[in-house]
Amino acid sequence: AQSVTQPDARVTVSEGASLQLRCKYSYSGTPYLFWYVQYPRQGLQLLLKYYSGDPVVQGVNGFEAEFIKSNSSFHLRKASVHWSDSAVYFCAVSGNTGYQNFYFGKGTSLTVIP
Amino acid sequence: GGIITQTPKFLIGQEGQKLTLKCQQNFNHDTMYWYRQDSGKGLRLIYYSITENDLQKGDLSEGYDASREKKSSFSLTVTSAQKNEMAVFLCASSNWGDTYEQYFGPGTRLTVL
């Protein structure tokens, strides 16, 4: 079955600290992987995506993620968080046929303490 | 660039009422989606449409109808609103091709009294 697991429903970190948000996926075909961010009362915005090639992908606002195939993981990282990074982060997996269903995790709510 | 517009932003209905949510996109994308977002449950796919006049059911289609009469618009109807229901409905679109990321609208927040 296709699924995405984000094991941490809530994460709290201090401003300036490093961050890792965890994501594990289960997908039978070639996975396309995404991280989205949702700020309060807004839709989801794409942070970064992985299709192939270099397993470490860079996204907006200093975020990066690493695809580890052997571990079926796609963790999101940031070296130094800012209070404005407080939001809900969603990991998603899709297939490579264009209109394939996206499978979203339940999201991780990040709070950055000033 | 482009934008996805959802109307209305807030929708208050009565139990048993039929309610319609609208979505417009100017990306010229082929595929459009409706998701339901409940607190703590992530996003669940209700319907998607690969092209104009196409409809495909998602995991949560029961209790909903959808309509894709034009490439740029995708409507969702709650056929009978459930009392005390509260959720956010997100519309998204994506293009056929090398990149499949979905672009999202700001959502419609539904409250049923």
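The values are calculated or read from the model by the stated rules, or taken from the named source; none is laboratory data. Since this is a predicted model, take the numbers as computed values, not measurements. Positions of Cβ are backbone-derived with ideal geometry, glycine not excepted, and every protein chain shown enters the neighbour counts. Note: areas computed on protein heavy atoms with side chains; ligands, DNA, RNA excluded. Shrake-Rupley method; radii C 1.70, N 1.55, O 1.52, S 1.80 Å.
Side notes on the structure shown:
- With θ taken as phi - 60° and the Karplus curve 6.51 cos²θ - 1.76 cosθ + 1.60 applied, the whole-hertz 3J(HN,Hα) list for the stretch A:17-33 is 6, 7, 9, 9, 10, 8, 8, 10, 10, 10, 8, 7, x, 6, x, 9, 10 Hz, x standing for glycine and proline.
- Share of carbon and sulfur in the accessible heavy-atom surface of the stretch A:3-113 [1.4 Å probe, %]: 47 percent
- Straight-distance crosslink candidates among aspartates and glutamates, where the alpha carbon sits under 16 Å from A:K49 and sequence neighbours closer than 8 are dropped: A:E64, A:E66, B:D98, B:E101
- Binned Cα-Cα distances of the stretch A:3-113, short to long, each 5 Å bin given as a whole percent: 2, 13, 24, 26, 19, 10, 4, 1, 0
- Cross-link reach list, aspartates and glutamates versus B:K57, counting only Cα pairs under 13 Å and skipping chain neighbours closer than eight places: B:D65
- Modelled FRET efficiency - R0 41 Å, B:L55 with A:T12, Cβ distances, 0.05 increments: 0.45
- Dipole magnitude of chain B, debye to nearest 20 (Cβ charges: Lys/Arg +1, Asp/Glu -1, about Cα centre): 360 debye
- Projecting the Cα atoms of A:Y32, A:A65, A:L19 onto the charge dipole of chain A, computed from C-beta unit charges around the Cα centre, puts A:Y32 farthest toward the positive end.
- Neighbour net charge for B:G40 - beta-carbon separation under 15 angstrom, K R +1, D E -1: +3
- Charged-residue dipole, Cβ positions (Lys, Arg, Asp, Glu), the protein assembly as shown about Cα centre, Debye nearest 20: 380 debye
- Greater than 26 Å apart at Cα, pairs in B:K18/B:K71; A:K24/B:K71; A:K69/B:K71; A:K24/B:K9: A:K24/B:K71; A:K69/B:K71; A:K24/B:K9
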